[in-house]
Amino acid sequence: MVSFESPELVALFTAYTASPDSIGNHLTEASAERTVDDPLIVATGTDLALYPGVGQQPQVEGFRMSTRGFKELAGISHVGPALASLVNIRALRGDGSWRADAQRLLHHVDTARAANNLTLWRDTIAVQAYRGREQAITDMIDYTCAVTARYLRTALADENYLNARTLREDYLEATTDPDGQPAVPMNHMMIATFFLAGMDIAHRVLRWFHDQNIDWNRAMVIIAGRQGRPTAGVTWNTSSVAAMILGASGHKLPLERLYMAPHAPVFATPRHGDLSEVKALEPAYRGMWNNIRATVELGPVMFEGYPRYTPASQGVPDLDDGLTELSEMPKIHSAEDMLAMVTRLRVVLEDPRQLLSGCVTDFAVEQLVARDNDPTRITVPGLDGVTYPTAL
């Protein structure tokens, strides 16, 4: 059957929307006229752009994949999930197909351990936020590679060893090694590496925003495009980028001025200082923000007297209440609260909304904001005060 549209009724539809000359578009334009000189911040999955307004040129700060040490730490963070994946491949297939992956992982673990040293972290990777902790990071990586290689070699020698129980008891939660000597649980290593990565990014983002002198009460914020896995970071309280921006503002940025826009266009990371694509997108970004804002502002005009929506913070579950299930990441009481932080590791795996690497980024941001953005004054959980054995 051929679809029929009544031209008269469609014309009524386009009078308000879906037309450049519509009432809705004119409302967006009127809203944009009011904010033309307001600062606009756009965050993609890898970069931040500030459009200062009043005809000034945009500025861009990269914060993720192009930064020093991020991939190196991520590789260490991921050995736990890699081993768990081997456990599940064996359980699902019931054959020896997991062995090739295990042997390849073992090779890379051994070569990474050989390449890891103090000079690499202190003088070559040389991340400012890690200054003073390079030896501890080196020791943690050496130990992680050693115990990961030991687990893999044991599993390759006896495939029945490769199961969820031994992964948890002998690796993730182990407090003693096979010889009865003290061990550091690999869950603590994962918390440390995720925290270090988040701390470095947050330190640089907070410093960059501090230098911009932004009027946060007037700032317009869009978090655009994909943030991690396809389902993740689509709400402000599941976005580590949102946590950093809110922290940088000293929580002065009104939540109603921050919009999550997973389908918005994004600019590629500028190369060689070329900001042409960033500049070209400014009108679209400003139009998008104002279009959303203009619609929001119809609410009180049309429905005054009815309960209003507020983007206030949702209640944070507290494991001190004896919870066994939760739908949001739990509150972290301190840098020693491993129950909450390891629970967050589980939550970010099981909750598709969460960013895998963002399990403790908000905690890193909170600590940095409270201590004048000084990484030397905060505690890195799973690293500071922990001795990783190195004679393995």
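So the values come out like this:
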item	result
Heavy atoms of Asp362 accessible to a 1.4 Å probe, total area in Å² rounded to 10	40 Å²
Dimensionless Rg ratio for the chain, taking C-alpha atoms and the 2.2 N^0.38 Å reference	1.16
Helix-derived mean residue ellipticity, 222 nm - over the chain, DSSP H n ≥ 4, -39500 (n - 2.57), to 500	-14500 deg cm²/dmol
Longest segment of the chain lacking chymotrypsin sites (Phe, Trp or Tyr not before Pro) that sit in a DSSP loop with at most 16 other Cβ atoms within 10 Å	5-308
Where N is the number of residues in the stretch 161-309, Cα Rg divided by 2.2 N^0.38 Å	1.49
10 Å Cβ shell holding at most 10 others, DSSP loop, trypsin sites (Lys or Arg not before Pro): longest site-free stretch of the chain	1-270
Whole-angstrom gap from the stretch 115-142 to the stretch 162-191, using each part's C-alpha centre	24 Å
Longest site-free stretch - the chain; sites: GluC sites (Glu not before Pro), DSSP loop, at most 14 other Cβ within 10 Å	6-172
Kirkwood Rh in Å, taken over all unlike Cα pairs in the stretch 11-150	20.2 Å
Relative contact order (%) - criterion: Cα under 8 Å, at least six apart; region: the stretch 122-278	17 percent
GNM result for the chain, Cα springs below 10 Å: residue of Ala280, Ala18, Ala84 fluctuating most strongly	Ala18
Of every Cα-Cα pair in the stretch 80-145, the percent that sits beyond 13 Å	68 percent
Span from the the stretch 343-360 Cα centroid across to the the stretch 1-44 one, whole angstrom	37 Å
Fraction in percent of alpha-carbon pairs per bin - 5 Å, the stretch 271-347	3, 11, 13, 9, 7, 7, 10, 17, 16, 5, 1
Carbon and sulfur %, accessible surface of the chain computed with the full protein complex present, 1.4 Å	54 percent
Considering only the chain, percent of DSSP beta bridges that pair antiparallel, nearest 5	55 percent
Accessible area per residue, Å², the chain with all protein chains present, probe 1.4 Å	52 Å²
Val316 accessible area, 1.4 Å probe, all protein chains in place, Å² to nearest 10	80 Å²
Neighbourhood charge, 12 Å Cβ-Cβ cut-off, centred on Leu206 and excluding it, Lys, Arg +1 and Asp, Glu -1	-3
Measure of compaction for the stretch 304-368 (Cα Rg per 2.2 N^0.38 Å)	1.32
Over the chain, relative contact order from alpha-carbon pairs under 8 Å, at least 6 apart, %	22 percent
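The values are calculated or read from the model by the stated rules, or taken from the named source; none is laboratory data. This one's a predicted model, so the numbers in the text were calculated from it and none came from an experiment. Here the Cβ is made from the backbone with ideal geometry for all residues, glycine too, and neighbour counts use every protein chain on show. Quick note on the areas: whole protein, heavy atoms, side chains included, nothing else; ligands and nucleic acids left out. Shrake-Rupley method; radii C 1.70, N 1.55, O 1.52, S 1.80 Å.
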